[in-house]
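Read through the structure below, which is laid out as structure tokens, and then see the notes.
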Amino acid sequence: MNRIREERKRKNLTLQETVDELKKQEFISITSDALSKYERGDREPKLATWQKLADFFEVPVTYLQGISNNKKSITEFNDFADWLEAVNDTTVYKNGDMRVAKDELMALGTENVLYNFSTLFKAIFNFTTGSLDGTKYKKLCDEITKIADFSDITEDTSQIFKIGIEAKTGNKKAKETYEQISKIIDKYLGIDEWEDDVPITIKKVHHEDKK
């Protein structure tokens, strides 16, 4: 069972007061009926809605969903050992139940993905500026429903970033690969001067033979 009602009660808010505050603070606009159905489990919120509700209640998404018993933000832990120590006595190994340990580890992975994606998004769009481009992609992000999709985007972006750094600091293989990636991006955005019938292919780049 999720903890939406529990967290609402902790804030001493009625259903209507909660939806009013959610709208006032620009988290999300929903009805009291929808929130009530979320609390009872009659309706499943979208991932974006879970995130906004969790931000409002100041708890991790997985805690609000009832998946994890950890109420601390992932940013409050210095490393895995720190997280393990915090949940060890009360959750992970309680009564030797390894299923609980697995659930907590899965929850940690989910929170890590959401945090990394959010950090990357802010770094790229600097969303505090309220740019039209950032607003557009924020709305598109709200349509993503799978944690794995956020993970894929973050991982692929990080790899391209690494290749770019290597390309600009003398790595020949990285430079050739980065140039190919750039051409594909330009082609997609329509800012290149290629003919429409010219195929885009990724060629295998080999290391130079050692002399």
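The values are calculated or read from the model by the stated rules, or taken from the named source; none is laboratory data. The structure presented is a predicted model; accordingly, all values stated were derived computationally and were not measured. All Cβ positions, even for glycine, are placed from backbone atoms using ideal geometry, and neighbour counts span all protein chains on display.
When you check Asp79 against the structure, is it surrounded by 15 or more Cβ atoms within 10 Å (Cβ to Cβ), charged (D, E, K, R), outside the structural domain of Glu44 (by TED's automatic domain parsing) and at pLDDT below 90, yes or no?
no
Any residue in segment 193-211 that is of a type in the set (Ser, Thr, Tyr), more than 21 Å from the chain's Cα centre (by Cα) and modelled with pLDDT under 95? I'd like the intermediate steps shown before the answer.
Initially, segment 193-211 is screened for residues of a type in the set (Ser, Thr, Tyr), giving 201.
Still in the list and also more than 21 Å from the chain's Cα centre (by Cα): 201.
Checking the rest, the ones that are also modelled with pLDDT under 95 come to 201.
Checked segment 193-211: at least one residue is of a type in the set (Ser, Thr, Tyr), more than 21 Å from the chain's Cα centre (by Cα) and modelled with pLDDT under 95.
Looking at the structure I just gave you, is Glu26 assigned to a loop (DSSP other than H, G, I, E, B) and of a type outside the set (A, V, I, L, M, F, W, C)?
Working: assigned to a loop (DSSP other than H, G, I, E, B): yes; of a type outside the set (A, V, I, L, M, F, W, C): yes.
So Glu26 passes the test.
Among what's in segment 163-178 and is surrounded by 12 or more Cβ atoms within 10 Å (Cβ to Cβ) and of a type in the set (D, E, K, R), pick the residue that is nearest to Ala123 (Cα to Cα).
Per the stated criteria, the residue is Glu166.
Would you pick out the residues in segment 137-157 that are under 16 Å from Ile124 (Cα atoms) and free of Cβ contacts under 8 Å to residues at least 12 places away in the same chain?
Within segment 137-157, Lys139, Leu140, Glu155, Asp156 meet the criteria.
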